[in-house]
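Visitor: Can you read through this structure? Questions will come right after.
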Amino acid sequence: MTSTDPHGHPGAADPHDEVLDHEHSDVDIRSILSFGAGLVAVVVVSAVIVRILFGVLARHVEARDPAISPVAIPAGRQPPEPNLLTNEPGNLATYETQQTKPLESSGWVLQQSGVARVPIAEAKKLLLQRGLPARTGAVDPLEGTHAYAMGESSGGRTIPAKPAAAPAPPPEAGGATGTTPIK
């Protein structure tokens, strides 16, 4: 059997049927809405209190700030050199560029004396074309040996020594030289 509504339509349920109706003690809509309104009120009041507290603390910090020194540099002016580096990699790149620029370009060092600089690559090419300069004239065989004492060897290598001068004859005894022996 199907239920019928009071007007005789089949399948319609009675709105006051105890089996189909929910229990009013399970959910209280008024309590849920009042809790939500209370929660919103607590959040708004807390935000206002925090905002006021931050304002009070900011004024307290400003009042306790130390006075600026009379010798302090005014805002907008740069301190005297040397300044602290704020961009070390950029500063290093600028320095390296300044140092390598003269090595890679040609120009006068002393124009009055005829001294000029040449790029390193070009200087190497000129050195290969012209060769190294050589000395002319007699060269001392001991020059450039870095010998600490004449004639000593190092590591089994011999170093040529200058011929020794003839020793002076010893003075004769008896005052021939005009000196008297000490007693």
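All of the numbers you see were taken from the coordinates with simple rules; none came from a lab. Here the structure is a predicted model, which means the values were calculated and not measured. Note that each Cβ is placed from the backbone with ideal geometry, even for glycine, and that neighbours are counted across all protein chains shown.
Visitor: For the residue pair S105 and R51, what label-to-label distance in nm results when each label sits 7 Å from Cα along the Cα-to-beta-carbon direction?
Guide: 6.1
Visitor: Using each residue's phi in region 112-128, evaluate 6.51 cos²θ - 1.76 cosθ + 1.60 at θ = phi - 60° and report the 3J(HN,Hα) Karplus result to the nearest Hz, with x for Gly and Pro.
Guide: The phi angles translate into 4, 8, x, 9, 10, 10, 10, x, 4, 4, 5, 5, 5, 4, 5, 5, 5 Hz.
Visitor: Using the scaling law 2.2 N^0.38 Å as the reference, what is the normalised Cα Rg of region 24-119? Write out the running numbers ahead of the final one.
Guide: On the way: Rg = 34.5 Å, N = 96, 2.2 N^0.38 = 12.5 Å.
Relative to the rule-of-thumb radius for its length, region 24-119 sits at 2.77.
Visitor: Something else about it: Suppose every Lys and Arg Cβ carries +1 and every Asp and Glu Cβ carries -1, with no other charges. What dipole size does region 23-65 come out with about its Cα centre, to the nearest 20 debye?
Guide: Taking the Cα centre of region 23-65 as origin, the dipole is about 340 debye.
Visitor: 5 Å is the cut-off here: which amide hydrogens, built 1.01 Å from N in the peptide plane, fall below it relative to R117, excluding neighbours closer than 5 in sequence?
Guide: Those lying under 5 Å, H to H, from R117 are G107, W108, V109.
Visitor: Quick one: 3J(HN,Hα) in Hz for region 48-54, Karplus 6.51/-1.76/1.60 with θ = phi - 60°, rounded, Gly and Pro as x.
Guide: 5, 5, 5, 4, 5, 5, 4
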